[in-house]
Amino acid sequence: MTAEPAITLLIVDDHPVVRDGLRGMFESAPGFRVLGEAANGTEAVAWAAALDPDVILMDLRMPGGSGVDAIRELTRRGARAKVLVLTTYDTDSDTLPAIEAGATGYLLKDAPRDELFTAVRAAAEGRTVLSPAVASRLVSAVRAPAPGNEPLSAREREVLALVAKGTSNREIARELFISEATVKTHLTHLYAKLGVNDRAAAVAVAYDRGILG
C-alpha cells in the first residue's frame, strides 16, 4: 500500500528554543515534515509563499510582525496553508482577532503532544480545532444576540450542520449537489444572520442558540 503523503509544516515562533522543540517533536513522528521556520509574522508570510506548507503553526505575539497580522495577510492572499495558532495566550483580545483573521484552529502551548498531532492533522483537512478553554471563550464572546433575528433557511441549516462536522466547502458542494460558489453564498448569508465572521464562531453561536442541538 502507498503511504499517505506527509503533512508539511511551517513553524512560526520568536523563540528559537520553542522552534527547535517543535521541529524535533514533529520530525520524530511519522506523517509530518517540517519545511522551515520563521521568527515573526512578516517572515511567516514570506516563507509561506516560498514553501507552500499544508499547515502553519503560528505564535501570536512576536516582535517584527504579529501572528494576527500574518494570518490576515495570508487570508488576503488566499494562501493554501491552514493556520493553527499555538500560543500561551487565551484572552479574548488574542483569540477572537486570530479566529476572525482566518485561523483554522487555536491551541495553547500546554496541549499534550498527541493532542497537537491530532490538531495538525485536523487542520490540514480544513477542520476547525479549538482548545476547550478557547472554545469556552468564543461561546461567551458570542452570547450577545446577533444584529438580526432572521431565521436560517433549511439549506443554510444543512450547510451549517456540515460545517460543524468539519466538512470543507468542496465536500459540502458535492454532498448537497450545489456549486462551491453557492456554498460560499449560503455561508455569507448565515454569517450575517448569526452576527459572526467565520466558521468557528458560526458553529459556536449555533450550538449556543440550540440551532445545532
Across the stretch 122-164, the tally of residues that are surrounded by 14 or more Cβ atoms within 10 Å (Cβ to Cβ) and at pLDDT 80 or above stands at 21
Considering only residues that are surrounded by fewer than 16 Cβ atoms within 10 Å (Cβ to Cβ), of a type outside the set (Lys, Arg) and in contact with a helix residue (DSSP H, G or I) (Cβ under 9 Å, 6 or more places away or on another chain), which ones fall in the stretch 198-213?
Tyr207, Asp208, Gly213
Residue that is among the charged types (D, E, K, R) and either at pLDDT 90 or above or in the same structural domain as Ala202 (by TED's automatic domain parsing) (or both), where the choices are Glu115, Glu100:
Glu115
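For the stretch 102-121, give me the residue count where each residue is surrounded by fewer than 22 Cβ atoms within 10 Å (Cβ to Cβ) and under 25 Å from Ala161 (Cβ atoms).
Count: 3.
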List, please: which pairs have Cβ atoms under 6 Å, are six or more places apart or on different chains, and start with a residue in the stretch 185-205 that is outside the structural domain of Pro151 (by TED's automatic domain parsing) and end with one that is surrounded by fewer than 21 Cβ atoms within 10 Å (Cβ to Cβ) and at pLDDT 90 or above?
none
Right, Arg121: basic (Lys, Arg), touching a strand residue (DSSP E or B) at 6+ places or on another chain (Cβ under 9 Å) and assigned to a loop (DSSP other than H, G, I, E, B) or not?
no
From Pro53, Pro63, residue being surrounded by fewer than 16 Cβ atoms within 10 Å (Cβ to Cβ) and not in a helix (DSSP H, G or I)
Pro63
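The values are calculated or read from the model by the stated rules, or taken from the named source; none is laboratory data. In this text, all values refer to a predicted model and were calculated from it rather than measured experimentally. Virtual Cβ from ideal backbone geometry, glycine too; neighbours counted across all protein chains shown.
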